[in-house]
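Novice: Here's a structure for you.
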Amino acid sequence: MTENPRTLPDPKVAGLIADSPIASVISDPRHPDNPIVACNRAFIELTGYSEGEILGRNCRFLAGEGTEPWLTEALRQGMREAKPVMVEILNYKKDGTPFRNAVVIAPLMDDNGELEYFYGSQVELAPQARSPSLTLRARAAQKIKDLSPRQKEVLQMVAGGLRNKQIAYELGLSEKTVKMHRGIAMEKLGASNSADMVRMAVEAGI
């Protein structure tokens, strides 16, 4: 376990994931070892760890003897390149129970386009699932197909960590228009917040 740079959740980012039904964390790459600075109730319930045992640690504390190193490296590469990535990796709960974990990592940029945080979410996959990745991708793709081309563009940029102001600049739109498209996309996807939108986008591979 690494030394905890923080013992309390960061209120600035905790709200991004607080209401999500998906187990989620926010980590801060500006601190050594990219520690978790916020987690939600779903993550606590999934892993069995308390908030105090989670904050300040790197997400690899869920790894264990059977965790695939090449998948761990895929996550690290995504973070090094500040690009969204999804892998299905073997992780372990606090009581030692192994579980197949569909992990999504995505960057969150600040107003200047610099990497500020990473969003991470976890979904426990059923052991008997034959092709869980295909199932997740198919479900996400099914939801995203109803979006307009512009809404898909906005969603893709949200998944890339861009904020409304940056998206507006990139697409030559007003920030108000971006917020409108983002809101409509969220409603069509049935997402409770932006973090859930990001996960769907990464699952769908857009």
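The values are calculated or read from the model by the stated rules, or taken from the named source; none is laboratory data. No experiment lies behind these values; they were computed from the predicted model shown. All Cβ positions, even for glycine, are placed from backbone atoms using ideal geometry, and neighbour counts span all protein chains on display. For the accessible areas, the whole protein counts, side chains as well, though only heavy atoms, and no ligand, DNA or RNA atoms are used. Shrake-Rupley method; radii C 1.70, N 1.55, O 1.52, S 1.80 Å.
Novice: Strictly over 28 Å apart at the Cα level, which of LYS143/LYS179; LYS93/LYS145; LYS12/LYS143; LYS83/LYS165 would you flag in this model?
Specialist: In this structure, LYS93/LYS145; LYS12/LYS143 exceed 28 Å between Cα atoms.
Novice: What's the carbon and sulfur percent of region 32-158's accessible surface, probe 1.4 angstrom, rounded to a whole number?
Specialist: 50
Novice: Follow-up question, since we're still on this one. Compute the FRET efficiency between MET109 and GLN142 as 1/(1 + (r/R0)^6), taking r as their Cβ-Cβ distance and R0 = 35 Å, and round to the nearest 0.05.
Specialist: 0.80
Novice: I've got another one for you. Cα centroids of region 80-97 and region 129-206: how far apart, whole angstrom?
Specialist: What the calculation gives is 22 Å, centre to centre.
Novice: Given THR67, GLN142, GLY15, which one lies farthest toward the positive end of the charge dipole of the chain, if we put +1 on the Cβ of every Lys and Arg and -1 on the Cβ of every Asp and Glu?
Specialist: Of the candidates, GLN142 comes out farthest on the positive side.
Novice: Taking square-rooted eigenvalues a ≥ b ≥ c of the alpha carbon gyration tensor, is region 157-206 rounded, prolate or oblate, where a/c under 1.5 means rounded and, failing that, a/b exceeding b/c means prolate?
Specialist: Because a/c hits 1.5 or more and a/b fails to exceed b/c, region 157-206 counts as oblate.
Novice: Give the residue list of GluC sites (Glu not before Pro) in region 27-75 that are DSSP loop and have at most 11 other beta-carbon atoms within 10 angstrom.
Specialist: Sites meeting the loop and neighbour criteria: GLU65.
Novice: Amide H of LYS93: which non-local residues (sequence gap of 5 or more, or other chain) have their own amide H closer than 5 Å, using H built in the peptide plane?
Specialist: Residues meeting the amide H criterion: PHE99.
Novice: Given points 7 Å out from each Cα along the Cα-Cβ axis, report the LEU125 to SER50 separation in nanometres with one decimal.
Specialist: For LEU125 paired with SER50, the spin-label model returns 3.3 nm.
Novice: Calculate for the chain the 222 nm mean residue ellipticity that helices alone would give, adding -39,500 (n - 2.57) per DSSP H run of length 4 or more and normalising by residue count, nearest 500 deg cm²/dmol.
Specialist: It comes out at -12500 deg cm²/dmol, rounded to the nearest 500.
Novice: If you project the alpha carbons of the chain onto their three principal axes, what span does each projection cover, largest first, in Å?
Specialist: 48, 40, 28
Novice: In percent, how large is the relative contact order of region 34-161, given Cα pairs closer than 8 Å and 6 or more residues apart?
Specialist: 18
Novice: Something else about it: How many Å² of accessible area per residue for region 1-107, probe 1.4 Å?
Specialist: 49
Novice: Treating only the Cβ atoms of Lys and Arg (+1) and Asp and Glu (-1) as charged, compute the dipole magnitude of the chain about its Cα centre; round to the nearest 20 debye.
Specialist: 660
Novice: Show me the three semi-axes of the equivalent ellipsoid for region 75-153, from the C-alpha gyration tensor (sqrt of 5 times each eigenvalue), largest first, rounded to whole Å.
Specialist: Here the semi-axes work out to 26, 21, 9 Å.
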